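Novice: Before we start, here is the structure in question, set down as structure tokens.
The values are calculated or read from the model by the stated rules, or taken from the named source; none is laboratory data. Everything numeric here is computed off the predicted structure, so don't read it as measured data. Note: ideal-geometry Cβ built from the backbone for every residue, glycine included; neighbour counts use all protein chains shown.
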Amino acid sequence: MKLKKSTILLLASALVLGTGVFIYEVTIAPQMEVAKLKNKKVFEFEIEQVKALTLETPERKLEFTKVESKSESAESQWEMKILEASDKSELNDRKPIAANEAYVSFLLSLLANAQSERQIPLNSERKTEYGLDKPQATIDFTLKNDKSYRVILGKRDFSDNFLYAIATVPDNPQSSQSAILLPTNFENGVNRPLSEWKAESETTDKTKEKEASPKSTPDNNSDATSDAEETPTPPSTPEPSSEEKSLDNPESNSDKSNSSTSEPQPEPTENKDSTPSPTPENLEKSSESKSSQNEGEKTPTNSPRSENSPSQSGEKLNE
């Protein structure tokens, strides 16, 4: 069976088209996607190339520096220094301290992967409208090849899904004349309290210092009382008795006597049955008195009537 020329031509064209589509999907399409992504990317750098970063917000200005001399087992490869702060208490120690490497790496990852599909021309009115005249954050970072970049973050757009921003690239001086749209994750990357930017060891040391500092708290008061109990105290002198107090204070005794005279008090009743303490002399006297009483009872008490009593004289007259 012979095929027609038209059929052979159709099969050949289909084979060529299929081969072309396969080559396009395998090689050409990925290259075009990479080119599009490169065009969308705001910056062209690797995170490992960054050696310094400065973050300025209305609250403070921080400078992060990568320390190359530290070993891989070190707690953090970044050091932080506080340059400016609205809260003056944060400026007590301006020495470099260990920074939280996780949060620094997160911010650098946002910068390295930032993409923008379009650019918006800027003027003074739009800068004010987009919040770029008073930005919520300004990020400056420098690579090892001494190239410097800057990102200025403004307000959110009308969809509330992106931030207006200005990205300044050293290879493109005109980049600062237009605005781009960046994801809102940048707000989470820059708006953090100072304690989160510090390494965990720094925050724990600060809390220990605060706990160790003396404060007027019940715990400290209890410690003070315990210390006072531990210290030896001199023995307390015995209090004088009431009799000694009365001897020492004659005035108080006179006052008490005056008060006793002013107020009537019941007279003490004598105890008739009270007897003196039995001494040998008293015992002899009592025995003599008892014997005399017994003799008196034995003698008659009635004395003889006198002969010249009035009753007898009256009887004689009547006779």
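Novice: Kindly indicate whether D133 is modelled with pLDDT of 90 or more, touching a helix residue (DSSP H, G or I) at 6+ places or on another chain (Cβ under 6 Å) and assigned to a loop (DSSP other than H, G, I, E, B).
Specialist: yes
Novice: With without any contact (Cβ under 8 Å) to a residue 60 or more places away in the chain and closer than 25 Å to E44 by Cβ as the only criterion, which of Y164, Y149, Y103 stands out?
Specialist: Result of the check over Y164, Y149, Y103: Y164.
Novice: State all residues of region 189-200 that are free of Cβ contacts under 8 Å to residues at least 24 places away in the same chain and either of a type in the set (D, E) or part of a helix (DSSP H, G or I) (or both); if no residue qualifies, say none.
Specialist: Across region 189-200, the qualifying residue is only S195.
Novice: Can you go through E72, E59, E46 and tell me which one is modelled with pLDDT under 85 and of a type outside the set (V, I, T)?
Specialist: Within the list E72, E59, E46, the selection yields E72.
Novice: Can we say K95 is surrounded by 13 or more Cβ atoms within 10 Å (Cβ to Cβ) and either at pLDDT below 95 or not charged (D, E, K, R) (or both)?
Specialist: No.
Novice: Could you check region 121-135 and list, in sequence order, the residues that are hydrophobic (A, V, I, L, M, F, W, C) and within 10 Å of A165 (Cα to Cα)?
Specialist: If the condition is that a residue be hydrophobic (A, V, I, L, M, F, W, C) and within 10 Å of A165 (Cα to Cα), then L132 is the only one that fits.
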